[in-house]
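Here's the structure, in structure tokens; my notes come after.
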Amino acid sequence: MDFSVLMEAMASKSYEKIADICDELMLQVAAQGIIFQEEWPYAIHLLGHLYANDVNSARFLWKSIPSTVKENHPEIVAAWKIGQCVWTRDYAGVYKAIHGFEWSPDVLGLVMAFSENYTRRMFELLLSAYSTISVTDTAQFLGMSEEDATNYVLQHGWSVDPSSGMLTVKRQPIVTHQKLDPSKLQCLTEYVFHLEH
């Protein structure tokens, strides 16, 4: 099996392409009738789906992996542990699963990129869902110590009340750029004209 395209994507840190590349390779192999149980990069494939925030595809991939492969490759099980925590919205558990396993050098870059991506998504979730939140809860969502989480959000303009341990969320201004399309304006004008006459 030729994994050169996958290895190139990993080397160039094009992690957003990993799931699609693996899915395509899997389809090619299946079309040829080849059995690829042991040598398939399941951990990378699972993590690629998680990186793309496609937990359903990761879950279905996990279910399709033969149990003998799962038993012989703890890294695959560790990758799915992250997926389980994402699936159940165990935010702190995601970070525990990431840091609770000794990842191979081939997978480590993807895991760290997923962790950064996940932290950014959790920060955006906090921005949209809260006006105030405790330092403790923020630390759990971001997978950081309370001090690191406080410093992280302060860098993004939030404020902290040291006496209560509460953070005040600073919402980012929503910038919308509306382009005026002359053809749509013309169509609207003709429609209104038609309604009036």
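Of note:
- Annotation: Thr189 fulfils all but one of (1) over 23 Å from Phe60 (Cα atoms); (2) in contact with a helix residue (DSSP H, G or I) (Cβ under 6 Å, 6 or more places away or on another chain); (3) not aromatic (Phe, Trp, Tyr); the unmet one is (2).
- Answer residue from segment 16-53, given it is out of contact with any helix residue (DSSP H, G or I) (no Cβ under 9 Å at 6 or more places or on another chain) and polar (S, T, N, Q) and is nearest to Phe114 (Cα to Cα) among those: Gln28
- Counting only residues that are over 21 Å from Leu167 (Cβ atoms) and basic (Lys, Arg), segment 86-139 holds 1 of them.
- Within segment 120-143, the residues that satisfy the criterion of being on the phi < 0 side of the Ramachandran plot, more than 13 Å from the chain's Cα centre (by Cα) and in contact (Cβ under 8 Å) with a residue 24 or more places away in the chain are Leu126, Leu127, Tyr130, Ser131, Thr132, Ile133, Ser134, Val135, Thr136, Thr138, Gln140, Phe141.
- For Pro66: the one exception among (1) surrounded by fewer than 17 Cβ atoms within 10 Å (Cβ to Cβ); (2) touching a residue at least 60 places away in the same chain (Cβ under 8 Å): (2)
- Positions within segment 77-90 being out of contact with any His (no Cβ under 9 Å at 6 or more places or on another chain) and assigned to a helix (DSSP H, G or I), in sequence order: Val77, Ala78, Trp80, Lys81, Ile82, Gln84, Cys85, Val86, Trp87
- Verdict on Gly143 being under 23 Å from Cys85 (Cβ atoms) and modelled with pLDDT under 95: yes
The values are calculated or read from the model by the stated rules, or taken from the named source; none is laboratory data. A quick note: this is a predicted structure, and the numbers were derived from the prediction, not measured. For neighbour counting, all protein chains shown are included, and Cβ atoms are generated from backbone atoms with ideal geometry for every residue, glycine included.
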